[in-house]
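In what follows, a structure is listed as structure tokens, so that the remarks can point back to it.
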Amino acid sequence: MSIIKPNGHRLRLAGIAEAADIYDADKSLVRRVLASPRAPQPIDVLASGPVYDRDDLEEHAATRNRKIGRPMARTFPASMRIADTDPLWDDHDGGSGHDGLPQWQPGDIGKALAYWETLDRKGQSVLAYLFDHPGRLVNHSELVEELRLDPEGTKNAAKVMAGALTKMGTASPETDRSYPYRWWKTPNGTVYAVKHEVAEIFKAALKQ
């Protein structure tokens, strides 16, 4: 059923994915733009995320005198640690692994075990390392080196990490939960981290 707005126009809805197309930017950057109090506000928030009036988004995007562009890599202090309440968790660069799927909750022990069992050995080793260092932003090169993901040291570390995380894309839809980690781009490569509460959920699941 169509909803007609007071101005006589039909209400058209848009989520973050549609907003990314409207602003010609990736989802992570669009989230930051729409977090401004001067940006269009959501008309509702569903399990899959905020929903906007598409007309409002298009009008706002048209008033900008330049394209948003792609996000620039950010710099973080070495071995930076953040609390679970830090807003940086919502300002990550891995939107595609989190959009449309519920976040992890304390009662998700069974789902955590199912997620873990879906992963291959490399994926499990990466998560286990992050679970042992909750809240710490870990550079991809540290993960590749410490976990010996490239024993000969002849491959591109970024590509090695991407290969190690391949199964995450299967595990998340199967368990109806988002990726358990976040990631951010930096000039020195990608950094990864997990919240303390997520690490505890998985540790509890693996003890069973």
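The values are calculated or read from the model by the stated rules, or taken from the named source; none is laboratory data. All figures in this text were calculated on a predicted structure; none of them were measured in a lab. In this analysis, Cβ positions are derived from the backbone assuming ideal geometry, glycine residues included, and neighbour counts consider all displayed protein chains. For the accessible areas, the whole protein counts, side chains as well, though only heavy atoms, and no ligand, DNA or RNA atoms are used. Shrake-Rupley method; radii C 1.70, N 1.55, O 1.52, S 1.80 Å.
A few remarks follow.
- Only protein heavy atoms count here; on that basis, with a 1.4 Å probe, Arg10 has an accessible area of about 130 Å².
- Per residue Cα convex hull volume in Å³ - calculated over the stretch 1-61: 92
- Karplus-derived 3J(HN,Hα) values for the stretch 160-176, using 6.51 cos²θ - 1.76 cosθ + 1.60 with θ = phi - 60°, are 4, 5, 4, x, 5, 9, 4, 5, 4, x, 8, 5, 5, x, 5, 9, 6 Hz; glycine and proline are entered as x.
- The stretch 53-208: relative contact order in percent, alpha carbon pairs under 8 Å with at least 6 residues between: 37
- For the chain, calculated [θ]222 nm from helices alone, where every DSSP H run of n ≥ 4 adds -39500 (n - 2.57): -11000 deg cm²/dmol
- In this structure the amide hydrogen of Lys167, modeled in the peptide plane, comes within under 5 Å of the amide hydrogens of Asp120, none closer than 5 places in sequence on its chain.
- Note on surface exposure: His9, His92, His133 rank His9, His133, His92 by accessible area, highest first, 1.4 Å probe.
- Accessible-area ranking of Phe76, Phe202, largest first, probe 1.4 Å: Phe76, Phe202
- Gained length - Gln103 relative to Lys155, 0.36 nm times residue gap less alpha-carbon distance: 15.4 nm
- Size of the chain as Cα extents on the principal axes (Å, biggest first): 63, 37, 28
- Near the amide H of Asn139, within less than 5 Å, lie the amide hydrogens of Tyr192, all on another chain or at least 5 residues away, with H placed in the peptide plane.
- Accessible area per residue for the chain is 56 Å², calculated with a 1.4 Å probe on protein heavy atoms, without ligands, DNA or RNA.
- Rolling a 1.4 Å probe over the protein chains gives Glu59 an accessible area of about 120 Å².
- Computed over the stretch 6-57: relative contact order in percent, which uses C-alpha pairs under 8 Å that are six or more apart: 43
- Sorting Thr190, Thr75 on solvent-accessible area from highest to lowest, probe radius 1.4 Å, gives Thr75, Thr190.
- Cα long-axis angle, helix 54-63 against the chain (0 to 90 degrees, to the nearest 10): 90
- Amide H contacts for Trp183 (H built 1.01 Å from N in the peptide plane; partners 5 or more residues away or on another chain; cut-off under 5 Å): Asp93, Gly94.
- Of the solvent-accessible surface of the chain, computed with a 1.4 Å probe and all protein chains present, 51% belongs to carbon and sulfur.
- Check: the chain dipole with +1 on Lys, Arg Cβ and -1 on Asp, Glu Cβ, in debye: 340
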